[in-house]
Amino acid sequence: MRLAKLLIAAVAVWSLYWAAAAWGLRSGIAAWFAEQERRGWQAEFSALETSGYPSRHRTRILRPALADPGTGTAWRADWLDLASPAAWPGNLDLHFPASPQRLSYFDRTAVITAQGLQAGLNLAPGAALELKEMALVSGPWQIARTGETVLSGAALDLNMVQAGRPGNYRITAEAKDFAPRAAWRRLLAASSALPERFDALALEMTVGFDKPWDRSALEQQRPQPRRIGLKLAEARWGDLRLKAAGALTVDERGMPEGEIALQAENWRGLVLMAERTGALPPSLRGTVERVLGLLAEAGGNPHDLDLVLGFADGHVTLGPLPLGRAPRLIIR
């Protein structure tokens, strides 16, 4: 009898805790939206729903919409689920709907649809909610603009893990069956038609940001990369093969300095691709092909090429060839 009373008391206490924590989570979410609206954002939702008793808290935000006028970025969806163990909300899972989500940058809008899109966040204790680890996975996905699919894939796997000191993260990504739209394939094709999907598209690198990723990254300013250690970037698409590795430093203006080593198979197709995408001025194509051809011959295989992509003083070079101004690496 005494044991039964203790069990009933424990259940009652846990139920009170679960209900209080659920109320606190709903209140915190509503307060966060109100604070962003006070700061000039568009920040709204239609309702909050809670479930998951007794082991988890699952809060569904119905029709969330966020827009930051400072960066011109906006996002909206039918709903967003936030789920965490009832005992510790720092292990947070975000579940996104299979229905279309809209991501805008000023007047350009992309419609994203994805099956099983979810993110797992491991957050450090404290009000800042510093990110220790993130894993984002998705089944079949696509991105469309003006009714046309521009990118799609069978699966997506992205991991970001804090490495060493705060602000340093190891990032890996893999996109299976990555497919650009047909018009891009026709535009980029060299001597032969490119297949519909990439054979491989993967990335592994370590990035040192100027501050850790935490709640201020969404509310205020995004962390900016200062050190990039590219262990491997690999793309295989039909007879095109490209691998890259190297290291860059990035100053406060977003200008990179350093070198990236490139290994390219069927490099002439890559030169044509660079011209057709506007990365290489047509007037320079002949010169680039002649110089790269000599370098490939010197390497012993006229179809393969090992070169260094150099970044210095705001400009980019490919081996001995100047390519123009370097892109600014800034996260908006």
### Query
If we count every other residue with Cβ under 14 angstrom of Asp81's Cβ, Lys/Arg +1 and Asp/Glu -1, where does the sum land?
+2
### Task
Treat every Asp and Glu Cβ in segment 1-89 as -1 and every Lys and Arg Cβ as +1, leave all other atoms uncharged, and give the resulting dipole magnitude about the Cα centre to the nearest 20 debye.
440 debye
### Message
Just to be sure I understand the curve: with the Debye formula and one point per C-alpha of the chain, what is log10 I(q)/I(0) at q = 0.08, 0.10, 0.15 Å⁻¹?
### Response
-0.50, -0.75, -1.43
### For Asp210, residues with placed amide H under 5 Å, excluding near neighbours
Gln224, Arg226
### Query
Compactness ratio of segment 1-89: Cα Rg over 2.2 N^0.38 Å, N = residue count?
1.43
### Task
Kindly express, to the nearest 10 degrees and within the range 0 to 90, the angle between helix 2-38's C-alpha long axis and the longest C-alpha principal axis of the chain.
50 degrees
### Task
Using the charge dipole of segment 1-89 (Lys, Arg: +1 at Cβ; Asp, Glu: -1 at Cβ; taken about the Cα centre), state which of Trp18, His57, Leu82 has its Cα farthest towards the positive end.
Trp18
### Task
Could you please report the charge total around Arg268, scoring K, R as +1 and D, E as -1 over all other residues with beta-carbon less than 12 angstrom from its beta-carbon?
-3
### Summary
In Å, the Kirkwood estimate of hydrodynamic radius for segment 118-162 over Cα pairs equals 12.5 Å
## Note on the structure
With x for Gly and Pro, the residue-by-residue ³J(HN,Hα) of segment 95-108, computed from phi through the Karplus equation 6.51 cos²θ - 1.76 cosθ + 1.60 at θ = phi - 60° and given in whole Hz, is 10, 10, x, 6, 6, x, 10, 10, 10, 10, 10, 6, 9, 10
#### Entry: Reference-scaled alpha-carbon Rg (2.2 N^0.38 Å with N residues) for segment 92-242
1.18
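Bear in mind that the values in this text are calculations on the coordinates, not laboratory data. Note that this is a predicted model, so its numbers are computed, not measured. Neighbour counts run over all protein chains shown; Cβ positions are idealised from the backbone, glycine included.
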